[in-house]
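Visitor: I have a structure I would like to understand better, so I am pasting it below and will then ask my questions one at a time.
Just so it is clear, none of the values below were taken in a lab; they were calculated from the coordinates. Given the structure is predicted, the values throughout are model-derived calculations rather than measurements. Glycine gets a Cβ as well: all are built from the backbone with ideal geometry, and neighbour counts include every protein chain shown.
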Amino acid sequence: MKLGFSTIMYEGTGLRYSEIVGKAAALGYEGIELNFRELPSELKTGEIKESLKRFGVKIAAIGTRHMYVTHGLYLASPHKLVREKAFTYMLECMKLARDFGCSTVQAGWAFQGSKLEAPYDVVWRQAVESLRHVGRLARKHGVNLVIEFACRENARLINTMGDALRLLDEVRCENVLVMADVFHIYSEKEPLRETVLKAGDKLAYVHIADSERLTPGTGKINFREFINALKGLGYKGYLVMEFDPGPRPDEALKQAIDHIRKLI
């Protein structure tokens with residue numbers, strides 16, 4: 001398993017993406033999940049690429065947090081114009097992934113939003129149709145789209161691994177896979193081991209945070225059980241830190257990697 005962190009850990013610090021890459025290398029991380037407030041077509045990639053090469057860090061995934069949080073776009077929207085803009089955004093993210101030599105585009109709220117703007121069955125049907133369309137685009141660009149289920153405090157469409165796998169069964173696209181965020185599994189009081197093993201070969205990406213979004217090792221989550229389940233599944237992908245780092249993200253990320261690395 002490889003260790004990485006999301007660039008949202010440094011949002012508000014004023015650091016450039018290239019400087020965050022340098023932080024990753026200094027702290028011992030192999031990759032970063034690249035999230036950005038700009039539209040993907042407006043992201044200046046030259047400086048980022050240079051820093052990735054200089055520090056030997058990879059892009060673990062193209063993150064789409066700001067597709068919804070900043071731009072108000074998501075794939076399951078009942079509004080046609082929103083969906084069309086979301087398709088364009090996702091297509092540009094796939095182009096970025098290919099440009100960075102990355103195989104994963106990660107979609108949480110970018111796929112399901114944080115609330116239902118139409119009856120559940122309408123939003124579900126729209127999610128299936130949109131993911132089929134985006135899955136075909138992903139296949140053409142040689143990347144995977146991983147969807148994230150989230151606890152009911154954060155989202156209303158899919159909240160468990162079971163929900164996510166049911167959705168994938170209806171989408172029927174080999175390029176649309178699922179990710180597991182241990183924080184959301186714990187928040188929904190789902191069993192860690194069984195949830196991981198249930199995913200099987202559909203599990204393609206992992207987010208790490210402790211209870212209450214704390215630094216791993218400072219809350220109530222049994223990370224040994226979670227990581228042992230990943231080992232049992234034969235998971236070899238990224239474990240990406242996405243927690244609340246507080247005012248000192250360098251220290252928090254160092255504490256997190258020290259804790260998780262011992263368990264790996």
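Visitor: Would you confirm whether or not segment 179-192 contains a residue that is within 19 Å of the chain's Cα centre (by Cα), aliphatic (A, V, I, L, M) and over 20 Å from G31 (Cβ atoms)?
Guide: yes
Visitor: Please enumerate the residues belonging to segment 156-186 that are acidic (D, E) and either closer than 22 Å to T215 by Cα or touching a residue at least 60 places away in the same chain (Cβ under 8 Å) (or both). Please lay out each step first, then the result.
Guide: Here is the first cut: in segment 156-186, the ones acidic (D, E) are 163, 169-170, 174, 181.
Residue satisfying the conditions is D181 alone.
Visitor: Please determine, by comparing only the residues of segment 71-121 that are of a type in the set (S, T, Y) and under 21 Å from E242 (Cβ atoms), which one is surrounded by the most Cβ atoms within 10 Å (Cβ to Cβ). Break it down stepwise before answering.
Guide: Within segment 71-121, the subset of a type in the set (S, T, Y) is 74, 77, 88-89, 103-104, 114, 120.
If we keep only those that are under 21 Å from E242 (Cβ atoms) too, we end up with 74, 89, 103-104, 114.
Values: Y74: 29, Y89: 22, S103: 19, T104: 22, S114: 15.
That would be Y74.
Visitor: For L43, only one of the following conditions fails: (1) within 22 Å of M9 (Cα to Cα); (2) touching a strand residue (DSSP E or B) at 6+ places or on another chain (Cβ under 7 Å); (3) not small (G, A, S). What is its number?
Guide: Of everything listed in (1) within 22 Å of M9 (Cα to Cα); (2) touching a strand residue (DSSP E or B) at 6+ places or on another chain (Cβ under 7 Å); (3) not small (G, A, S), L43 misses just condition (2).
Visitor: Quick check on L52: is it of a type in the set (A, V, I, L, M), closer than 17 Å to M90 by Cα and more than 14 Å from the chain's Cα centre (by Cα)?
Guide: Numbers: of a type in the set (A, V, I, L, M): yes; closer than 17 Å to M90 by Cα: no; more than 14 Å from the chain's Cα centre (by Cα): yes.
The answer is no for L52.
Visitor: Let me ask something else. Could you list, ordered by first residue, the pairs with Cβ atoms under 9 Å in which the first is in segment 222-239 and more than 12 Å from H207 (Cα to Cα) and the second is hydroxyl-bearing (S, T, Y), at least 6 apart or interchain?
Guide: Here the result reads N222/Y186; A229/T195; A229/Y235, each pair linking segment 222-239 to a residue that is hydroxyl-bearing (S, T, Y).
Visitor: Moving on. Looking at (1) in contact (Cβ under 8 Å) with a residue 12 or more places away in the chain; (2) within 19 Å of the chain's Cα centre (by Cα), which one does E47 not meet, given that it meets all the others?
Guide: Condition (2) is where E47 drops out.
Visitor: Hey, does segment 93-113 have a residue that's of a type in the set (D, E, K, R) and farther than 22 Å from E174 by Cα?
Guide: Just the residues of segment 93-113 that are of a type in the set (D, E, K, R), to begin with: 95, 98-99.
Subset that is farther than 22 Å from E174 by Cα: none.
No: segment 93-113 contains no residue that is of a type in the set (D, E, K, R) and farther than 22 Å from E174 by Cα.
Visitor: Select from segment 49-66 the residues that are touching a helix residue (DSSP H, G or I) at 6+ places or on another chain (Cβ under 7 Å), surrounded by 23 or more Cβ atoms within 10 Å (Cβ to Cβ) and hydrophobic (A, V, I, L, M, F, W, C) and list them in ascending order.
Guide: Result: L52, I59, I62.
Visitor: Are there any helices (runs of 4 or more DSSP H) wholly within segment 53-131 with 3 or more residues that are free of Cβ contacts under 8 Å to residues at least 40 places away in the same chain and not polar (S, T, N, Q), and if so which? Walk me through it before giving the result.
Guide: Values: elements: 65-69, 80-100, 109-112.
Qualifying helices (runs of 4 or more DSSP H): 80-100.
Visitor: Step by step: first the residues of segment 207-253, then only those that are among the charged types (D, E, K, R) and surrounded by 16 or more Cβ atoms within 10 Å (Cβ to Cβ), then the one that is nearest to L192 (Cα to Cα). Which residue is that? Steps first, please.
Guide: At the first step, the residues of segment 207-253 found to be among the charged types (D, E, K, R) are 210, 212-213, 220, 224-225, 231, 236, 242, 244, 248, 250-251.
Okay, now just the ones that are also surrounded by 16 or more Cβ atoms within 10 Å (Cβ to Cβ), so 210, 242.
On the way: D210: 13, E242: 18 Å.
Once the filter is applied, the top-ranked residue is D210.
Visitor: Do we find that E33 is closer than 24 Å to G4 by Cβ, acidic (D, E) and surrounded by fewer than 14 Cβ atoms within 10 Å (Cβ to Cβ) in this structure? Walk me through how you get there before you give the answer.
Guide: Details: closer than 24 Å to G4 by Cβ: yes; acidic (D, E): yes; surrounded by fewer than 14 Cβ atoms within 10 Å (Cβ to Cβ): no.
The answer is no for E33.
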